[in-house]
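Report on the structure given below.
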Amino acid sequence: PNIVQHEEIDGIYWHLIPLLHGKDTFGEIIIKHENDLSQSTKDTLLAIGKVVGPPILATLQSQQQARQQKQLALVRSVSAKISQITDLDTLTRQITKLTQETFHFYYVAVFLIDVDTKRLHFQASASSEEGGRPDFERASHAGFALGEHLIGYVASSGLELIVNDVSKEPRYKEVETLEHTKSEAVLPLKIEDHILGVFDIQSDEINAFREEDLLVLRSLADNIAIAIESTRLYQSAK
């Protein structure tokens, strides 16, 4: 491997030093300098990249394992609550709070389809920010028509929708109090073909949803749907 060198219009040099694990490059150290580097300096930096690469990679792998364990613990926690909570409001509030805190997402919400109006209504949410809440969270809000916005599309189609950059998604409609949203994942809450609502997750980072995260979120959505249906059946039987 070699140091990759780029020179910008203003004459500033950017040097990319590969971080190596064996023969594989898993990252880079970026150095900005007004002049080109001597060959001896480049050789030294390459050697440093080889030395610091393995411990950095080990740290990253350890952090990833800890993250996965925390996510799996969340799935187990939600599964356990299915048999413990019989109040729909309490259930959805706890689920959104646990998901937001575990993944550190910007905003997490559950919307359910009203059996009478056939519209999608806000049920519960958790956010990383304090302050004003979106208008759609108010009880007076009429809800969303099926097919309206990202959440309405998922509620209507039953298909998940992962938007890695909301600025490029025509169905995305910015909400004033959620202006930091950069990417969004909307998962259907359904049992077989019966759609109950949607699980909406928003991030303040572009490309926030990695495949391993989505696997956990899909499992969560399945568990949430079961929990909601069980809670509704319990309440209707009282």
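The values are calculated or read from the model by the stated rules, or taken from the named source; none is laboratory data. Predicted model only: the values in this text are computed from it and were never measured. With ideal geometry, Cβ positions are generated from the backbone for all residues, glycine too; neighbour counts draw on all protein chains shown. When the accessible area is computed, the model is the full protein with side chains, heavy atoms only, and any ligands, DNA or RNA have been set aside. Shrake-Rupley method; radii C 1.70, N 1.55, O 1.52, S 1.80 Å.
With the condition kept exactly as written, say whether any residue in the range 124-133 is free of Cβ contacts under 8 Å to residues at least 60 places away in the same chain, of a type in the set (A, V, I, L, M, F, W, C), open to solvent by 10 Å² or more (accessible area, probe 1.4 Å) and not in a helix (DSSP H, G or I). Taking every residue of the range 124-133 in turn, at least one turns out to be free of Cβ contacts under 8 Å to residues at least 60 places away in the same chain, of a type in the set (A, V, I, L, M, F, W, C), open to solvent by 10 Å² or more (accessible area, probe 1.4 Å) and not in a helix (DSSP H, G or I). Looking only at residues in the range 53-85 that are in a loop (DSSP other than H, G, I, E, B) and open to solvent by 60 Å² or more (accessible area, probe 1.4 Å), the one that is modelled with the highest pLDDT is GLN84.
Screening THR99 against (1) modelled with pLDDT under 80; (2) open to solvent by less than 60 Å² (accessible area, probe 1.4 Å); (3) touching a helix residue (DSSP H, G or I) at 6+ places or on another chain (Cβ under 9 Å); (4) not aliphatic (A, V, I, L, M) leaves a single unmet condition, (1). Taken over the range 134-159, the criterion of being part of a helix (DSSP H, G or I), more than 15 Å from ALA185 (Cβ to Cβ) and either basic (Lys, Arg) or open to solvent by 60 Å² or more (accessible area, probe 1.4 Å) (or both) is satisfied by ASP135, SER156.
Taking the residues in the range 161-172 that are of a type in the set (A, V, I, L, M, F, W, C) and in contact (Cβ under 8 Å) with a residue 24 or more places away in the chain as candidates, determine which candidate is surrounded by the fewest Cβ atoms within 10 Å (Cβ to Cβ). Among residues in the range 161-172 that are of a type in the set (A, V, I, L, M, F, W, C) and in contact (Cβ under 8 Å) with a residue 24 or more places away in the chain, the one surrounded by the fewest Cβ atoms within 10 Å (Cβ to Cβ) is ILE162.
Among the residues of the range 173-207, those identified as surrounded by 17 or more Cβ atoms within 10 Å (Cβ to Cβ) and not in a strand (DSSP E or B) are LEU178, THR181, LYS182, ASP204.
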